[in-house]
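Engineer: Once you've had a glance at the structure underneath, I'll fire off some questions.
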Amino acid sequence: MSRLIVISNRVSRPNKSGNQGGLAVALAQALRESRGIWVGWSGEITENFTGHIGFSEDEGVKTATIDLEEQDVDEYYNGYANKTLWPLFHFRIDLAEYARDFEGGYNRVNQRFADTASPLIEPEDIIWVHDYHMIPLGQMLRDKGLNNRMGFFLHIPWPPTRLLVSLPHHTKLVQTLFAYDVVGFHTEEWLESFRHYIEREMGGTVNGDFVTLNGRTIQAIACPIGINAQEFSRAAVSDAASSMFEQVRRSLQHRALIVGVDRLDYSKGLEERFNGYARFLKDHPEHHRNVVLTQIAPPSRGEVESYQHIRATLDALAGRINGEYSDVDWSPVRYVNQGYPRDKLAGIYRAAQIGLVTPLRDGMNLVAKEYVAAQDPEDPGVLILSRFAGAATQLKDALLINPYSPEEVSDSITRALAMPLEERKRRWQSMMKCVEEQDISWWRQCFTERLMAVQREVEEKKPQ
Ligand code: ADQ
């Protein structure tokens, strides 16, 4: 069996902290089941880049990390990745910043990762590169003479062609994806946008899963990421989860809990969620004192101005809603800026009658799946989900809404609060089936089996 080499921006250990992005959570689980190495940035800053590789092994996951210089982090991570690509790929060209330094830093750091990873890679290894931080890495590894099977997975949306063309040198960046053998997206919609760009903007051709550009053919596929559903369901009834469940329920004094859990990011539709909830309170005085919205939102990417801005906006909104509607013994919003360990988080999800997930764009959204997995089968809560999350293509029995509409958010809360047990169960069972069947192992196999097949085809041709 070939080793799996995973390369992604950050290498982190999900069990050690409660505050992890979905990619980190998913990859640790995937790597634990393989004998691979995870290569990435340590998260540390060094004064002068030396290329020194720090090796370690933790809970069966081998890691190889490098430290980056402050300028690298500014230009590559805060800059090109999070000020340019993230907003653009989430359809927010109004927030995207285009600076030559960012692009230079992005390429320089990707070259550093290529220099770090290449000596660790053996000919039979399968290389799996992750996300928008690392798009050109595959091409850089090829330039070093690596002939391995190589795949790339994009965890965020692929934007419509008309938006992507606003990126300076967009063709140059997209061209580098053709160094991989398989390129994966979460949904057909993102895949469709990619194909559209290749055909219309670059003059390439599409034939089923095969996409050809300048004589090079790759496979582009849709393969939705899942969670470790069994483990998460188990976590939801663990001691830690149960005591969290009790603590939350006690504090609610029989009020219904609506829960939101997101990194503090403008793509998650938090402002729209708060506005929708305010609309619900305005339209439904009969529900005052009966509900509480707990929004858990650990800050992320605080170096980036648009994130400071969303934080200030939400602070003000939470304060305004509470100021307007609170009574001496009831506040409609609990706004929490911290992360929780996964078992406690599972207990919070289980205590909530409604999971409110309203991203304006989201590659997939794992919170929606975690909420489903944490429910009590005998008394499940209702998932309200933005139709603009990749997860909406799978979780069709959620209450699917347009998060830009405060009325739809408000109406869906009213509907969820009144939903009969039988309907809740029916919807939950259908969603849970999907969450269990298309889980994290299914996702990994979906992608790596394609990658293995590429090698077989090459090998089969050799004897001729
Ligand atoms: P994210 O944008 O980080 O991931 P998401 O998929 O929702 O979004 O994953 C967030 C993860 O962080 C979840 O596992 C959640 O439990 C955890 N988390 C969030 N807040 C937390 C808190 N307060 N305490 C503890 N844990 C918390 C990116 C893409 C998504 C895609 C994933 C995976 O933006 O669209 O689903 O990658 O591909």
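The values are calculated or read from the model by the stated rules, or taken from the named source; none is laboratory data. All values derive from a computational prediction rather than experimental measurement. Positions of Cβ are generated from backbone atoms using ideal geometry, with glycine treated the same way; all protein chains shown enter the neighbour counts.
Engineer: Is it the case that some residue within the range 391-412 is among the hydrophobic types (A, V, I, L, M, F, W, C), surrounded by fewer than 24 Cβ atoms within 10 Å (Cβ to Cβ) and assigned to a helix (DSSP H, G or I)?
Structural biologist: Looking through the range 391-412, at least one residue is among the hydrophobic types (A, V, I, L, M, F, W, C), surrounded by fewer than 24 Cβ atoms within 10 Å (Cβ to Cβ) and assigned to a helix (DSSP H, G or I).
Residue by residue, here is whether (1) within 8 Å of the ligand (Cβ to nearest atom); (2) closer than 12 Å to VAL259 by Cβ holds:
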site	(1), (2)
ASN322	no, no
TYR325	no, no
GLY347	no, yes
PRO359	yes, no
PRO377	no, no
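Engineer: Name the pairs: first residue in the range 222-243 and touching a residue at least 12 places away in the same chain (Cβ under 8 Å) and crowded, with 22+ Cβ neighbours inside 10 Å, second residue in a loop (DSSP other than H, G, I, E, B) and of a type in the set (A, V, I, L, M), Cβ to Cβ under 6 Å, at least 6 apart or on different chains?
Structural biologist: Matching pairs, first to second residue: ILE225/MET364; ALA236/ALA374.
Engineer: Additional query: Could you list, in sequence order, all residues of the range 151-169 that are without any contact (Cβ under 8 Å) to a residue 60 or more places away in the chain and surrounded by 23 or more Cβ atoms within 10 Å (Cβ to Cβ)?
Structural biologist: PHE152
Engineer: Let me ask you something else. For the range 256-266, does any single residue satisfy the condition of being away from the ligand (no atom under 13 Å from the Cβ), farther than 28 Å from HIS309 by Cβ, out of contact with any helix residue (DSSP H, G or I) (no Cβ under 8 Å at 6 or more places or on another chain) and not basic (Lys, Arg)?
Structural biologist: The answer is no, given that none of the residues of the range 256-266 is away from the ligand (no atom under 13 Å from the Cβ), farther than 28 Å from HIS309 by Cβ, out of contact with any helix residue (DSSP H, G or I) (no Cβ under 8 Å at 6 or more places or on another chain) and not basic (Lys, Arg).
Engineer: While we're looking at this one, here's another question. Select, from ILE135, ILE126, the only residue that is touching a helix residue (DSSP H, G or I) at 6+ places or on another chain (Cβ under 9 Å), at pLDDT 95 or above, of a type outside the set (Gly, Ala, Ser) and surrounded by 18 or more Cβ atoms within 10 Å (Cβ to Cβ).
Structural biologist: ILE135
Engineer: Among the residues that make up the range 120-128, is at least one of them in contact with a Pro (Cβ under 9 Å, 6 or more places away or on another chain), part of a helix (DSSP H, G or I) and either hydrophobic (A, V, I, L, M, F, W, C) or within 16 Å of the ligand (Cβ to nearest atom) (or both)?
Structural biologist: No, the range 120-128 has no match at all.
Engineer: Checking THR176 against (1) over 30 Å from LEU314 (Cα atoms); (2) within 15 Å of the ligand (Cβ to nearest atom); (3) of a type in the set (Val, Ile, Thr), only one condition comes out false. Which one?
Structural biologist: Going through the list (1) over 30 Å from LEU314 (Cα atoms); (2) within 15 Å of the ligand (Cβ to nearest atom); (3) of a type in the set (Val, Ile, Thr), THR176 breaks only (2).
Engineer: Within the range 349-362, take every residue that is in contact with a Ser or Thr (Cβ under 8 Å, 6 or more places away or on another chain) and crowded, with 24+ Cβ neighbours inside 10 Å and give me the one that is nearest to GLU188 (Cα to Cα).
Structural biologist: ASP362
Engineer: Identify, please: which residue in the range 361-375 is assigned to a helix (DSSP H, G or I) and in contact (Cβ under 8 Å) with a residue 40 or more places away in the chain and is, among those, farthest from the ligand (Cβ to nearest atom)?
Structural biologist: Going through the qualifying residues, I end up with VAL372.
Engineer: When the residues of the range 291-302 are narrowed to those that are assigned to a strand (DSSP E or B) and within 14 Å of the ligand (Cβ to nearest atom), which ends up surrounded by the fewest Cβ atoms within 10 Å (Cβ to Cβ)?
Structural biologist: Per the criteria, the residue is PRO299.
Engineer: To continue, here is another question. Are there any pairs with C-beta distances below 6 angstrom linking a residue in the range 254-266 that is without any contact (Cβ under 8 Å) to a residue 12 or more places away in the chain and assigned to a strand (DSSP E or B) to a residue that is within 11 Å of the ligand (Cβ to nearest atom) and acidic (Asp, Glu), with the two at least 6 apart or on different chains, and if so which?
Structural biologist: Here the result reads none, with nothing in the range 254-266 linked to a residue that is within 11 Å of the ligand (Cβ to nearest atom) and acidic (Asp, Glu).
Engineer: In the range 402-417, what residues are of a type in the set (S, T, N, Q) and without any contact (Cβ under 8 Å) to a residue 60 or more places away in the chain?
Structural biologist: Of everything in the range 402-417, those that are of a type in the set (S, T, N, Q) and without any contact (Cβ under 8 Å) to a residue 60 or more places away in the chain turn out to be ASN402, SER412.
Engineer: Within the range 10-109, which strands (runs of 3 or more DSSP E) (wholly inside it) include 1 or more residues that are modelled with pLDDT under 90 and either over 16 Å from the mean Cα position of the chain (by Cα) or within 16 Å of the ligand (Cβ to nearest atom) (or both)?
Structural biologist: 54-58, 61-69
Condition check ((1) in a helix (DSSP H, G or I); (2) within 12 Å of the ligand (Cβ to nearest atom); (3) of a type in the set (A, V, I, L, M)) across all residues:
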| position | (1), (2), (3) |
| --- | --- |
| GLY276 | yes, no, no |
| GLU286 | yes, no, no |
| ARG289 | no, no, no |
| ASP315 | yes, no, no |
| TYR340 | no, yes, no |
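Engineer: Right, something else. Would a scan of the range 299-307 turn up a residue that is at pLDDT 95 or above, closer than 24 Å to PHE388 by Cβ and touching a helix residue (DSSP H, G or I) at 6+ places or on another chain (Cβ under 7 Å)?
Structural biologist: Looking through the range 299-307, none of the residues is at pLDDT 95 or above, closer than 24 Å to PHE388 by Cβ and touching a helix residue (DSSP H, G or I) at 6+ places or on another chain (Cβ under 7 Å).
Engineer: Among the residues of the range 207-221, write down those that are of a type in the set (A, V, I, L, M, F, W, C) and surrounded by 16 or more Cβ atoms within 10 Å (Cβ to Cβ).
Structural biologist: Across the range 207-221, the qualifying residues are VAL211, LEU213, ILE218, ALA220, ILE221.
Engineer: While we're on this one: Does any residue of the range 75-95 turn out to be within 15 Å of SER42 (Cβ to Cβ), touching a residue at least 24 places away in the same chain (Cβ under 8 Å) and crowded, with 20+ Cβ neighbours inside 10 Å?
Structural biologist: Taking every residue of the range 75-95 in turn, at least one turns out to be within 15 Å of SER42 (Cβ to Cβ), touching a residue at least 24 places away in the same chain (Cβ under 8 Å) and crowded, with 20+ Cβ neighbours inside 10 Å.
Engineer: One residue is enough: does the range 197-213 have a residue meeting the conditions in contact (Cβ under 8 Å) with a residue 60 or more places away in the chain and of a type in the set (S, T, N, Q)?
Structural biologist: No, the range 197-213 contains no residue that is in contact (Cβ under 8 Å) with a residue 60 or more places away in the chain and of a type in the set (S, T, N, Q).
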